[in-house]
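**Student:** I am attaching a structure below and will ask some questions about it afterwards.
The values are calculated or read from the model by the stated rules, or taken from the named source; none is laboratory data. A quick note: this is a predicted structure, and the numbers were derived from the prediction, not measured. Heads up, the Cβs are rebuilt from the backbone with ideal geometry, glycines too, and the neighbour counts pull from every protein chain shown. To get the accessible areas, we keep the full protein, side chains included, count just its heavy atoms, and leave off ligands, DNA and RNA. Shrake-Rupley method; radii C 1.70, N 1.55, O 1.52, S 1.80 Å.
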Amino acid sequence: MADDLLVDFGSRRPSAAPAPPLSEAFRLRTERWKRELLDVTRRNRGINYRPTRTTLDVPALPADLWDLLLVNEGAITLEARNFAPDAPRPFADPRAVEAFASAARLIERARLADREQGIQVLFAALGWLNWRDSEGHQLRSPLVLVPVDLAYNRQDRELILQAAADDPPEVNPSLAYLLQAQYGVTLPGLEDAEGEPIHASLAAFLDAVRSAIARQDGWFVEGDGPVVDVFAFAKLAMVEEIDRSIHRLAAHPLLRALAGDEPLPQPTGEPPSGPLDLRYPPGSLRLVVDADAYQLEAVGMAAAGQSFVIEGPPGTGKSQTITNIIAELLAQGRRVLFVAEKRVAREVVLENLAKAGLAEACLHLAANAGARSRADAKAQVIKEIVATLDAGSPLPPPDAALPQRYGEIRERLNAYAEALARPLGDGGWTSAYDVIGTAIQLAADRRDVADIPSIDSLSRFWLDDVLDEGKSLDACKPAGLALMAGPWSALRWTSFDPGRQAKLRAALETLASTRERIETVAGPVLGPTLPPPAALTPGAVGDLASRLEGVALYRRKSGSFLRFLDPGFYASRRYLKQYLAAGYRETHTEASLAAALRDAEAALAGAFAVAADAFGPAAPSAAPIGEISAWASALLLDIDALPVATEIAAVLARLETLGMRPAAIALLADPSTHGQLEAVMRASIYAAWARHALQGDLALSPDQHQRLVDSFARLDSEMIGWARSAVLAEVRARRPRSVNNAIMAPLVKYARAKRRPALRTMLGNAR
């Protein structure tokens, strides 16, 4: 069998490589660690035992308790009469009352230790060593500590004392460690490597202890006085592990750094950066329970082999994170040792893994509370291992299409989220999310107007400037704002001048009368097939004057008797024919009509020079005569309001530099905006920006987006099942195929044996 299937418990076989030398700094630090872990001072009740209010003196012979608890792993029932045999009413006797009170306190202490840490603290002490330490203090220490369970049957008023299923009896470990380390005294053991008892009775064990301490002056052993009390030495195993594995520990860079032997190793390379979804494609991390971004980061760091610390108050998801870390490392073919001081922490993680279908990949060496005896407890672990090795056949790999589909939808949702967070404006002073949210909040004041500048090139102060002008418009009188619904909105004059007002009035009067003037002159000339005089543009008026001048030339030439000798006569006659063919009529007054049109044309040019100065390109210099006259007539109606109009025009001019003049004019045309233009402008601008933002990746309707979210949530749940299948498939693919393999023979033997050695011994002897 390949060596990677071996479980190394630190003492099963020696290392083939020579141990590296220990530095003095590391040796001193490990000694400090051991002192902090193990209390071998007189404060330790296992060293210097003194009875307390929790001590329960057991009214039974020590030899009987040895047979009952160690050999037969049975139970003893204690009634009040056992504590007060000569009392007429034993249950009311102070001795029995105190005994039951002590038992109640012991039961509560044991229950608390089991619930919080999952450790055995209740022991029956058999045999005592009375001895004197190197400082001359007289001490009394228990020799054999048998883990026991104590129960109180209130109905029958009796105590039940029985051997606990969790741990085997052992020689007082604190005392054994201290005597070996400081005095060179090795206390005898209780069981051999195969779990068979070494001593037939308590008396035989005590005789072996007397032989071990024979050279110590003033030390003696006594067998009476069995008690049940609280003894805590769970950290002794850690001290022994430091002694046993010190060279291996010294080879670890983190432990050397903690010992001050060398600097703390720093991470190599650049720290991971970028979105988690880009760093961890779907399926690259096998998450068997839900995980948020922080938890996913931790799983990714563990998968990459990094060392780190997770901290946080209860309820922040540490157990779920550990569950996912274990599952991911299992999928990588790694083996994980999970330890915790609190029992509930271990059991929560185990329960999470079991719910994820990975129970067969877990071995919980502390989960023996349900066993009836130590033999049952050890058998339970062995049976669990055997059952795992004979579990179902390897699973097929999970469907590869699921992570691909999951990734596609995740990318679409991420693109949507990124688009929402995309910076907008010059310098990225806002985002699509803020713009859309503000537009929704201001929807009541919104007007749908065009020509709102795109936000992309606007600074964060642009809107402030626009809204300041909106306030200025709100300060104007409604009558003045009403002017902006007509042609006055194009006014370019930003200050009032009476002289210019007079010039503008005269020009507008000229333009207003132009229609009547042109109709009088051009009406007799234009035939029914030609446009009416009001439809003529200023350019067409000049063209008609030219036509009339051509006809007038014919009239002059045709009046000469030498006309037949003049080549121009024939050309002018052809022109007349073309003139008439085009639908124009003869009046024989073409010369005067042409002169009148030229006068009107000149008047139009002069008037438009003034109008263009006042209204810029909005002056309809190329429009039909009818429209020009109507435009001028509309302006003439409010010519006296020019002072107010120029004040508003000044605001519109400033808005023009901000790109908002057309939009502002469109809003002014709506009387409902007057007096609240600041609010309407803000809402309308944000509405236009929101419409611009809701394109590309954001071009999803709420229903479409919700369907994507629902699909992602469903696939996310399926991905957890996918990950569970992937991990289980990897675990089963890597485990030994059958428990019948010869390498598993020790486990099979232990599973069938009636008596078994300690779990550590069994697991150390098996691969």
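**Student:** Helix-only mean residue ellipticity at 222 nm, the chain, DSSP H runs n ≥ 4 weighted -39,500 (n - 2.57), per residue, nearest 500. What is it?
**Tutor:** -16000 deg cm²/dmol
**Student:** Each residue of the range 344-359 in order: what ³J(HN,Hα) in whole Hz does its phi give by Karplus 6.51 cos²θ - 1.76 cosθ + 1.60, θ = phi - 60°, with x for Gly and Pro?
**Tutor:** Coupling constants for the range 344-359: 5, 5, 5, 5, 5, 5, 4, 5, 4, 5, 5, 5, 7, x, 10, 4 Hz.
**Student:** Per residue, how much accessible surface does the range 123-226 expose to a 1.4 Å probe? Answer in Å², no decimals.
**Tutor:** Result: 45 Å² of accessible area for each residue.
**Student:** Check the chain and count each lysine pair with an alpha-carbon distance under 28 angstrom, considering only pairs eight or more places apart or from different chains.
**Tutor:** 19
**Student:** Suppose R0 equals 35 Å. What FRET efficiency, 1/(1 + (r/R0)^6) with r the Cβ-Cβ distance, do Arg154 and Ala354 give to the nearest 0.05?
**Tutor:** Between Arg154 and Ala354 the formula returns 0.50.
**Student:** Further question: Residue by residue, what Karplus-based ³J(HN,Hα) values in Hz, rounded to whole numbers, does the range 248-265 have, using 6.51, -1.76 and 1.60 with θ = phi - 60° and x for Gly and Pro?
**Tutor:** 3J(HN,Hα) across the range 248-265, in whole Hz: 5, 5, 5, 7, 8, x, 5, 5, 4, 5, 5, 7, x, 7, 7, x, 5, x.
**Student:** Could I ask something else about it? Roughly to the nearest percent, how much of the accessible area of the chain is carbon and sulfur, given a 1.4 Å probe?
**Tutor:** 54
**Student:** Compute the angle between helix 462-474 and the longest alpha-carbon principal axis of the chain, please, reported from 0 to 90 degrees and rounded to the nearest 10.
**Tutor:** The helix 462-474 is inclined about 50 degrees to the chain.
**Student:** Under a 1.4 angstrom probe, counting protein chains only, how are Lys378, Lys503, Lys471 ranked by accessible area, largest first?
**Tutor:** My answer, sorted largest first, is Lys503, Lys471, Lys378.
**Student:** Next question, about the same structure. Give the angle, between 0 and 90 degrees and rounded to the nearest 10, that separates the Cα long axis of helix 498-522 from the longest principal axis of the Cα atoms of the chain.
**Tutor:** Tilt of helix 498-522: around 60 degrees.
**Student:** So for the pair Asp640, Arg279, with labels modelled 7 Å out along Cα→Cβ, what separation do we get in nm?
**Tutor:** 7.7
**Student:** Expressed in nm to one decimal, what extension gain is obtained for the pair Val97 and Phe496 from 0.36 nm per residue of sequence separation less their Cα-Cα distance?
**Tutor:** That pair, Val97 and Phe496, stretches by 132.6 nm at full extension.
**Student:** Asp390 versus Thr529, label points 7 Å from Cα toward the beta carbon: distance in nm?
**Tutor:** Using points 7 Å along Cα→Cβ, the separation is 11.4 nm.
**Student:** Nearest 0.05, what FRET efficiency do Ala581 and Ser546 give at R0 = 25 Å with Cβ-Cβ as r?
**Tutor:** Once rounded, the FRET efficiency stands at 0.90.
**Student:** Turning to a different aspect of this structure: Please return the longest stretch of the chain lacking exposed loop sites, where GluC sites (Glu not before Pro) count only if DSSP places them in a loop and at most 15 other Cβ atoms lie within 10 Å.
**Tutor:** With a cap of 15 other Cβ atoms within 10 Å, the longest stretch comes to 342-585.
**Student:** Can I ask one more? Could you calculate the contour length gain from Asp290 to Gln266, that is, 0.36 nm times the residue separation minus the distance between their Cα atoms, to one decimal place in nm?
**Tutor:** 5.6 nm
**Student:** With a 1.4 Å probe and every protein chain left in place, work out the accessible area per residue of the range 417-475 in Å², rounded to a whole number.
**Tutor:** 56
**Student:** In nm, to one decimal, how far is the modelled label at Arg35 from the one at Gln676, with both set 7 Å along Cα→Cβ?
**Tutor:** According to this spin-label approximation, the distance is 8.0 nm.
**Student:** What angle do you read, to the nearest 10 degrees and between 0 and 90, between the alpha-carbon axis of helix 567-581 and the longest principal axis of the chain?
**Tutor:** Taking Cα atoms only, the helix is inclined about 60 degrees.
**Student:** Same structure again: Please label the shape of the range 230-291 as rounded, prolate or oblate, based on the square roots a ≥ b ≥ c of the eigenvalues of the alpha-carbon gyration tensor (a/c under 1.5 means rounded; beyond that, a/b larger than b/c means prolate, else oblate).
**Tutor:** Oblate is the answer for the range 230-291, as a/c is 1.5 or above yet b/c matches or exceeds a/b.
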